[in-house]
Amino acid sequence: MIRAAIVGIGWWGRMLVNAVQGKSAAIRFTAGYTRTRATAEDFCAEHGIALANDLDALLADPAVDAIVFATPHSQHGPQVERAAAAGKPVFMEKPFTLDLASAERALDAAARAGIVLAVAYPRRFHPSVAELKGRIADGRLGVLSHCQSEQTAPAGLSMRADYWRSDPVEAPAGAMTATGVHSVDLLIHLFGRIDEVYCLSHPRVMARLEDTTAVLFGLANGMSATLYCSLVTAVSARFAVFGTKGCAELWTPEFQFRFSPTPEGPCTGRHAAATPEIIEYKGFNTLLAELETFAAAIRGEQAYPIPPADILHGIAVFEAIVRSAERHQPVTVAWT
């Protein structure tokens, strides 16, 4: 059993704890630290988590096998470096960092220390993504032309203006930081390198943050892709891949897999849509899956499946999106 410490025990830190505590034989949270101790004491007592006074105490504790961070984005790079210096494996929430330079320093520190470093992109662990990746690889979608994705939620409608997630410094390009980076990671996972981005990001409702963001991508394999993400509308998640043999979609709720085949034969009138194939995945716990995979990597049973090259390229793409939003023009992604 990997004994993990949770650093950052706010809304999302609690989601991570609840995903595994009492549900996993591979990993358990036994310790933690948060800047707002008083608000976390009852939660930690309920879940058997001993609160430390600071991060240094966790890094020096031999009873802590790994550190899981759910902290403000600007802190991520230095926190990875500190944990690496202490020889502690790290699970870092997305985005890994906010810029390429800090990502390179953090990845270099982890490599020199020889620690397991995991970044949290739980969708990679969902069986629908494995189904989609398999069908892309074996040609069942035909020649691919475009990927269309959306990730929306209403969190910004009730988010306090002084909350750190509402701070443009912590969330450049607005909704990209909170939600859109998940789709960027899937683009990299499924299709490889992204060469160019063009982003429009603007505040529609929130006082400080760009809550509505759209991105056009040019991929190295010749495909195009689009992404719409918002913090001020209904909950939705869709990831659709268009090929000559059909359209495969990952769709809420619970990221069901849906494949609509291309009609066969020559057109003799208006095309009729074929009956789609639907695969359901009710109740799959992606947070549990990613944290148990992290534990398996610490035990040496397998490598964590998001390699450093993908982490670094994801940050290069993110940095290019931020620059494009600022400049209102296309930006080439830096080579990594």
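If we keep just the residues of segment 217-232 that are touching a residue at least 12 places away in the same chain (Cβ under 8 Å) and open to solvent by 40 Å² or more (accessible area, probe 1.4 Å), which is farthest from Phe191 (Cα to Cα)?
Looking at the filtered set, the residue picked out is Tyr228.
For the list (1) within 27 Å of Gly114 (Cα to Cα); (2) surrounded by fewer than 17 Cβ atoms within 10 Å (Cβ to Cβ), I need the number of the one condition that Trp11 fails.
Here Trp11 clears every test but (1).
Quick check on segment 233-243. Is at least one of its residues open to solvent by less than 60 Å² (accessible area, probe 1.4 Å) and assigned to a loop (DSSP other than H, G, I, E, B)?
Taking every residue of segment 233-243 in turn, at least one turns out to be open to solvent by less than 60 Å² (accessible area, probe 1.4 Å) and assigned to a loop (DSSP other than H, G, I, E, B).
State yes or no: is Ala309 loosely packed, with under 13 Cβ neighbours inside 10 Å, within 22 Å of Asp211 (Cβ to Cβ) and of a type in the set (Gly, Ala, Ser)? Show your work before the answer.
On the way: loosely packed, with under 13 Cβ neighbours inside 10 Å: yes; within 22 Å of Asp211 (Cβ to Cβ): no; of a type in the set (Gly, Ala, Ser): yes.
So Ala309 fails the test.
Name the one entry in Thr286, Thr336 that is touching a His at 6+ places or on another chain (Cβ under 9 Å) and modelled with pLDDT under 95.
Thr336
Looking at (1) over 18 Å from the mean Cα position of the chain (by Cα); (2) aromatic (Phe, Trp, Tyr); (3) crowded, with 20+ Cβ neighbours inside 10 Å, which one does Trp335 not meet, given that it meets all the others?
(3)
Would you point out the residue of segment 250-282, among those that are under 30 Å from Leu16 (Cβ atoms) and open to solvent by less than 60 Å² (accessible area, probe 1.4 Å), that is modelled with the lowest pLDDT?
The selected residue is Thr252.
Inspect all residues belonging to segment 295-315 and state whether any of them is closer than 24 Å to Glu254 by Cα and polar (S, T, N, Q).
So far as segment 295-315 goes, no, none of its residues is closer than 24 Å to Glu254 by Cα and polar (S, T, N, Q).
What number of residues within segment 25-71 are assigned to a loop (DSSP other than H, G, I, E, B) and either open to solvent by 20 Å² or more (accessible area, probe 1.4 Å) or touching a Phe, Trp or Tyr at 6+ places or on another chain (Cβ under 7 Å) (or both)?
15
Would you tally the residues in segment 72-108 being closer than 20 Å to Arg35 by Cα and among the small types (Gly, Ala, Ser)?
Looking only at that region, the number is 3.
For the list (1) open to solvent by 50 Å² or more (accessible area, probe 1.4 Å); (2) within 21 Å of the chain's Cα centre (by Cα); (3) at pLDDT 95 or above; (4) within 20 Å of Gly77 (Cα to Cα), I need the number of the one condition that Gly114 fails.
Unmet for Gly114, out of (1) open to solvent by 50 Å² or more (accessible area, probe 1.4 Å); (2) within 21 Å of the chain's Cα centre (by Cα); (3) at pLDDT 95 or above; (4) within 20 Å of Gly77 (Cα to Cα): (2).
Mind listing whichever residues of segment 52-68 are touching a residue at least 60 places away in the same chain (Cβ under 8 Å) and closer than 18 Å to Ala113 by Cα?
Val64, Asp65, Ala66, Ile67, Val68
Cβ contacts < 7 Å: first residue basic (Lys, Arg), restricted to segment 278-297; second residue not in a helix (DSSP H, G or I), any location; separation 6+ or different chain. Result?
Lys282/Glu254
I need the full set of residues from segment 204-232 which are part of a loop (DSSP other than H, G, I, E, B) and either in contact with a Pro (Cβ under 9 Å, 6 or more places away or on another chain) or at positive phi (or both), in order please.
Within segment 204-232, Arg208, Leu209, Glu210, Asp211, Gly222, Leu231, Val232 qualify.
Might you check whether a residue that is basic (Lys, Arg), open to solvent by 20 Å² or more (accessible area, probe 1.4 Å) and either closer than 23 Å to Leu312 by Cβ or in a loop (DSSP other than H, G, I, E, B) (or both) occurs anywhere in segment 165-181?
no
The conditions are (1) open to solvent by 80 Å² or more (accessible area, probe 1.4 Å); (2) among the hydroxyl-bearing types (Ser, Thr, Tyr); (3) closer than 30 Å to Gly22 by Cβ, and Tyr304 fails exactly one of them. Which is it?
(1)
Could you tell me whether any residue of segment 18-36 is free of Cβ contacts under 8 Å to residues at least 12 places away in the same chain and of a type in the set (Phe, Trp, Tyr)?
There is no residue in segment 18-36 that is free of Cβ contacts under 8 Å to residues at least 12 places away in the same chain and of a type in the set (Phe, Trp, Tyr).
The values are calculated or read from the model by the stated rules, or taken from the named source; none is laboratory data. Note that this is a predicted model, so its numbers are computed, not measured. So basically every Cβ, Gly included, is an ideal-geometry build from the backbone, and we count neighbours across all protein chains shown. These accessible areas exclude ligands, DNA and RNA; they are computed on the full protein's heavy atoms, side chains included. Shrake-Rupley method; radii C 1.70, N 1.55, O 1.52, S 1.80 Å.
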